[in-house]
2 protein chains.
Amino acid sequence: MTIDHRAVTIYDVARHAHVSVATVSRVTNGQKVREDLAKRVLASVAILGFRPNRTAQRLRLTTSHLWALIVPDFENSFFTRLARGLEQICLPRNTCVFVGSSDDDPQKERHYLDVAIAERVGGVVIAPASDATDLSGLTEAGIPVVIVDRSLPDNRYDTVLTDNFAGGALAANYLTSAGYRKTVCIAGSPNPTSEKRLEGFAATVNKTGLLDIAKVKYGNNRIEGGYTAIRQLLEEGIVFDSVFVTNNLMTIGVIKALDDWAALSRDNIGFVGFDLNEIPLLAGKRIASIDQNPHEMGRLAGERIIFQQQQSDAAAELFEFAPKLGGLSWKL
Amino acid sequence: MTIDHRAVTIYDVARHAHVSVATVSRVTNGQKVREDLAKRVLASVAILGFRPNRTAQRLRLTTSHLWALIVPDFENSFFTRLARGLEQICLPRNTCVFVGSSDDDPQKERHYLDVAIAERVGGVVIAPASDATDLSGLTEAGIPVVIVDRSLPDNRYDTVLTDNFAGGALAANYLTSAGYRKTVCIAGSPNPTSEKRLEGFAATVNKTGLLDIAKVKYGNNRIEGGYTAIRQLLEEGIVFDSVFVTNNLMTIGVIKALDDWAALSRDNIGFVGFDLNEIPLLAGKRIASIDQNPHEMGRLAGERIIFQQQQSDAAAELFEFAPKLGGLSWKL
DNA sequence: TTGAAAGCGCTAACAG
DNA sequence: CTGTTAGCGCTTTCAA
C-alpha cells in the first residue's frame, strides 16, 4: 500500500476557492483582499487543511523562521535557561531554533555553523568555542549573529555578556569577607570568559592583600573537569580553605571530589562558583554563587537578531550585564 | 552602504567550471562524473565557497535534514540527555534538530507540531504533553514520528519507553526492604507514564502488605510542583516516613520543601524518585533513584526515524527499556 | 556521460 | 483589487 503524501499546496486552495494563487498568498499573509474572496479562501484553507510550506517560503524570501543556537554544552542549565529566554522572543514570531552543542570542539562548532549557513537560517546566537571561531561565513551570507556568554577578540558582532571581571571581583570579596585566607582557583579551559573572571578575582585579591591564591588549575568546564582538577591539587598536597571556580558544572565536580576525599571535610571549605542558582538544591548551601541572568541574556540576544534583520548595517553593540552574589543563606 | 549578500549558487559554480548545473549537482552529491570535470567542479566549489542551499534541496527532495524534538520541558536534564542521544544519530548524517518545549501545554505543543509540518521536517521525536496529542497531521504529511517517554493510547506510532510499571515496583521494593512503612506518593499531573509508575508502585505495595500508602498527591512535574505537593501534605498533618515521586524535578522540590519544614528532619525520610542520576550531587545521597537511560532512548528514537524514512509503511513497534535502581550509596 | 529544462511551493512584480 | 507569471536554488528526468 502506497499513500500519496503530497501536501496541500497553494494551488489546491486557489482551485478550490476559485481564485488565483496570488490571492491565496495575500490572504494567508494578511494583506488586503476583497471581503468575499478572503472568506472563500479562508474556508478552502480550513477544508483542505492547507499549511504554507516554509521551505518554499524561505527559498523565495530573504528572511527565515528558523534560527540556530550554538552553545558549548546544551546539557548545561545555564544554556538551557538561555534557550528559554530566546524562545520567548521566537515563539510569538512563529520561529523555531535548532540547537547545536559544540562541546568546546572547534570542529564540531564549525559543523553546526556550516549547517546554519546551508539552512539559510534567519539568525545565529552563539557562545563561541574559542577565540578562533570564524563567523565570517555567516556575515557573508547576510545572516544576523549575536554572541553570548563569551566575547570574540574583534568586536565585530553584537555581544551579550556578563561583566565577568566584576564577577570575579565579587567572588574574591565574598571569600575575603567570609574570613577565608588561602584559596585555589579552578578555571575553564582557556577562554575569554574564564580569563576575565580569573583576572577580576586576582585583581581584587591583590588589592585587599588578605587572601592568598595557592594555585590555579584548569578544567574542561564539565563536572569531571572540576573533579579531576581539584583532585590533582589535593594529591599535590596543596593546602587551602576555599575554592573559586569559574563555571557551574565544575563546581559540582569540585564538591563531589571533596566529598570523596576522606582526609578533608567539605564543611570547612568555602566555595564560590558561577550560576549555581540554576543547579537545584545547591543554592542555599554553604556555597556562594555569582549569578548571571541567562534568561535575560537569551531574550536580548533574540531581540538583537530581530533588530539586525531589520537593519542589516547596524553597528555592533556590546551589552554587559552586572553579575550578582547569591546563594549564601546557610550558616556562614 | 549596502552589500549584496546573494550567496554562491550552483549556477555560479557551473559557469566558473564551464559545466552544466546538473554536473555540479552530481559532483556535490557524489555521483559518477568524468574525472576531469569533477576536478574542475571541486576546484570551483572551493574557490567560490559554494554550499548547497538546503532550503532549495528540501523543496525539491522529499527528505529533509531538519528534524524536530518536542518535549515537555527542555530544561529537564532527562530530556537534554535524550537530546544528546538523538544528536549522536543526527551528527554523522548532517542533520540538525529544532527543539520545542511544550511545557505540558497542549496548545504550545500544537504550535510546535504545526511548525514541524510547515517546515516539512524529516522526522519528529515527541514526548506527548497529553493523551489527546494529535499526531495525525504528521502522518498525513508523511513525516516519520517516534514517541518517547510517554505512550499514546492508540499504538499507531513507534514508541520508545521505559517499563514504568516495573519502575514503580522497583521503587516500592526499595522502600519496603529499607524498612520504611508509611509512604506518600507525589505523581505527575495525569499522564500515562506517571500513572504506570504509580500503578506499579501500588501493586507491589499491595502484594507485600508491608508498606502503607498514606496519600497520593499530584504536581506539575517541575520543582515547584513537588514542593507545593509535599508542602500541602505536611500542612494537612499527614505522617509518613518516606516519599515516592514519579519524576526527577519534583523530587528536588520535595527535598527542598522538607529542608524548609523545620518540624521534620530530612535525614529521617526515605526518598525514591526517577532519573535522579542525571541531577548532579543528588545521586549518592540517602536517596534512591529509578534510572532510565535517556541517552539510549534518544539514540533509538533517531534510528527509528531513519528506519521509517527508508520504509514508510513499516508497522509501529514498541520498545521498552528496563529501569534500574540506583543512587543508594549513602548510609542506608 | 553530460546538458537542457521542468518543476518543487511560494511571493512579488507587473499587467489588467 | 486581482490574476498571470517569473524565479528563488536545487534535483532529476529526458535527449543528445
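Structural remarks
- Placing unit charges on the Cβ atoms only, positive for Lys and Arg and negative for Asp and Glu, gives the stretch B:159-304 a dipole magnitude near 140 debye about its Cα centre.
- DSSP-defined antiparallel bridges as percent of all bridges, chain B, nearest 5: 5
- 1.4 Å probe accessible area per residue over the stretch B:1-52, in Å²: 70
- Rounded to the nearest 10 degrees, the angle from helix A:294-310 to the longest Cα principal axis of chain A is 40 degrees.
- Average beta carbon contacts from partner chains per residue of B:76-84, 10 Å cutoff: 3
- Accessible area of the stretch B:164-293 divided out per residue, in Å², using a probe of 1.4 angstrom: 36
- Take each residue of peptide B:91-99, count the partner chain Cβ atoms within 10 Å of its Cβ, and average: the result is 5.
- Area buried, chain A against chain B - accessible surface, total, 1.4 angstrom probe, square angstrom: 4800
- Packing here is the average count of other Cβ atoms within 10 Å per residue, and on that basis the peptides B:178-186, B:196-204, B:289-297, highest first, run B:289-297, B:196-204, B:178-186.
- Inter-copy separations for A:LEU325, label at 7 Å along Cα-Cβ, nm, ascending: 4.6
- Total lysine pairs under 18 Å (Cα atoms) in the stretch A:164-293, excluding pairs fewer than 8 apart on one chain: 9
- Taken residue by residue and averaged, Cβ atoms of other chains lying within 10 Å of the Cβ of A:298-311 number 0.
- Other-chain or far-sequence residues with amide H under 5 Å of A:SER242's (modelled H): A:LYS182, A:VAL184, A:GLY270
- Anisotropy class of the protein assembly as shown from Cα gyration tensor, a/c 1.5 cut: oblate
- Max mean-square fluctuation residue, GNM over chain B, Cα-Cα springs under 10 Å, options B:SER44, B:SER102, B:SER77: B:SER44
- 28 Å Cα-Cα reach of B:LYS39 towards lysines, excluding residues that sit fewer than 8 places from it in its own chain: A:LYS108
- Chain A: angle of helix A:192-208 to the longest principal axis, Cα-based, in degrees nearest 10: 30
- Relative packing of peptides B:310-320, B:31-41 - highest average C-beta neighbours within 10 Å first: B:31-41, B:310-320
- Estimated from helices alone, the mean residue ellipticity of chain B at 222 nm is -13500 deg cm²/dmol (sum of -39500 (n - 2.57) over DSSP H runs with n ≥ 4, per residue).
- Global geometry of the stretch A:1-65, whether rounded, prolate or oblate, following the gyration tensor of its Cα atoms and the 1.5 cut on a/c: oblate
- Rounded if a/c under 1.5, otherwise prolate or oblate - the stretch A:164-293, Cα gyration tensor axes: rounded
- Kirkwood analysis of the Cα pair distances in chain B returns a hydrodynamic radius of 22.4 Å.
- With the charge dipole of the stretch B:164-293 set up from +1 on Lys and Arg Cβ and -1 on Asp and Glu Cβ about the Cα centre, the Cα lying farthest toward the positive end among the listed residues B:TYR227, B:PHE271, B:MET250 is that of B:PHE271.
- Taking all protein chains together and a 1.4 Å probe, the residues B:VAL8, B:VAL239 rank B:VAL239, B:VAL8 from largest to smallest accessible area.
- The stretch B:1-52, accessible surface, carbon-and-sulfur percent (1.4 angstrom probe): 58
- Of all residues in chain B, the one whose Cβ lies closest to the rotation axis carrying B onto A, together with that distance in whole Å, is B:PHE98, 2.
- DSSP-defined beta bridges in the protein assembly as shown - what % are antiparallel, rounded to 5: 10
- Hz values of 3J(HN,Hα) by residue in the stretch A:60-76 - Karplus curve (6.51, -1.76, 1.60), Gly and Pro given as x: 7, 8, 9, 9, 10, 9, 10, 10, 10, 10, 10, 10, x, 6, 7, 9, 7
- Element breakdown for the stretch B:164-293 at a 1.4 angstrom probe: carbon and sulfur atoms account for 52% of the accessible area.
- Farthest toward the positive end of the dipole of the stretch A:25-165, out of A:ALA118, A:ILE47, A:LEU61, is the Cα of A:ILE47, where the dipole comes from beta carbon charges about the Cα centre.
The values are calculated or read from the model by the stated rules, or taken from the named source; none is laboratory data. As the structure is a computational prediction, the values presented were derived from the model and not from experiment. Here Cβ is always computed from backbone atoms with ideal geometry, including for glycine, and neighbour counts include all displayed protein chains. Heads up: the accessible areas ignore ligands, DNA and RNA and are worked out on the full protein's heavy atoms, side chains in. Shrake-Rupley method; radii C 1.70, N 1.55, O 1.52, S 1.80 Å.
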